[in-house]
Amino acid sequence: MLAIVGPGANDLEERVDWIVVGDGSDPKRFLCTTSHPDEPLDDVLNLAKAWEADPGDNVEQVFL
């Protein structure tokens with residue numbers, strides 16, 4: 001899962017989708033993305049932490 005926060009989140013999410021998923025013709029190329037241009041970082045982090053992942057996985061933050 002990739003949750004994008006802040007101004008321009010919608011555009012960046014769409015770009016990532018095209019890079020990773022493309023036209024959707026290859027089912028092996030999947031990534032769940034979400035954009036949150038107007039939501040607080042803490043709320044989005046809680047969403048990411050609630051996402052079902054493999055045991056031991058951690059939420060990591062990347063700032064651009």
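The values are calculated or read from the model by the stated rules, or taken from the named source; none is laboratory data. This structure is a prediction, so every number in the text was calculated from the model and none was measured. Reconstructed Cβ throughout: ideal geometry from the backbone, glycine too, with neighbour counts over all protein chains shown. Surface areas here come from the heavy atoms of the whole protein model, side chains and all, with no ligands, DNA or RNA. Shrake-Rupley method; radii C 1.70, N 1.55, O 1.52, S 1.80 Å.
Heavy atoms only, probe 1.4 Å: what % of the accessible area of the chain goes to carbon and sulfur, would you let me know?
Roughly 53 percent, rounded to a whole number.
Based on the Cβ-Cβ distance from M1 to K28, what FRET efficiency comes out when R0 is 22 Å, to the nearest 0.05?
0.85
Once amide H atoms are built 1.01 Å from N in the peptide plane, which residues 5 or more positions from T34, or in another chain, come under 5 Å H to H?
Correct list: L2, A3, I4.
Report the charge-dipole magnitude of the chain in Debye, nearest 20, computed about the Cα centre from +1 at each Lys and Arg Cβ and -1 at each Asp and Glu Cβ.
Using Cβ point charges on Lys, Arg, Asp and Glu, the chain gives about 180 debye.
How many Å² of accessible area per residue for the chain, probe 1.4 Å?
Computed with neighbouring chains in place, this is 81 Å² per residue.
Which of the chymotrypsin sites (Phe, Trp or Tyr not before Pro) across region 1-59 are loop residues per DSSP, with 16 or fewer other Cβ within 10 Å?
Here the chymotrypsin sites (Phe, Trp or Tyr not before Pro) that fit, given the DSSP loop and packing criteria, are F30, W51.
Where in region 7-37 are there trypsin sites (Lys or Arg not before Pro) that are in a DSSP coil and have at most 11 other Cβ atoms within 10 angstrom of their Cβ?
Sites meeting the loop and neighbour criteria: K28.
How much mean residue ellipticity at 222 nm does the chain get from its helices, if each DSSP H run of length 4 or more adds -39500 (n - 2.57) and you divide by all residues, to the nearest 500 deg cm²/dmol?
-10500 deg cm²/dmol, from helical runs alone.
Report the residue, chosen from L45, L31, L12, that carries the largest GNM mean-square fluctuation when the chain is represented by alpha-carbon nodes joined by springs under 10 Å.
Answer for the Gaussian network model of the chain: L31.
Hey, any idea what the orientation-averaged projected area of the convex hull of the chain's Cα atoms comes to, in nm²?
4.8
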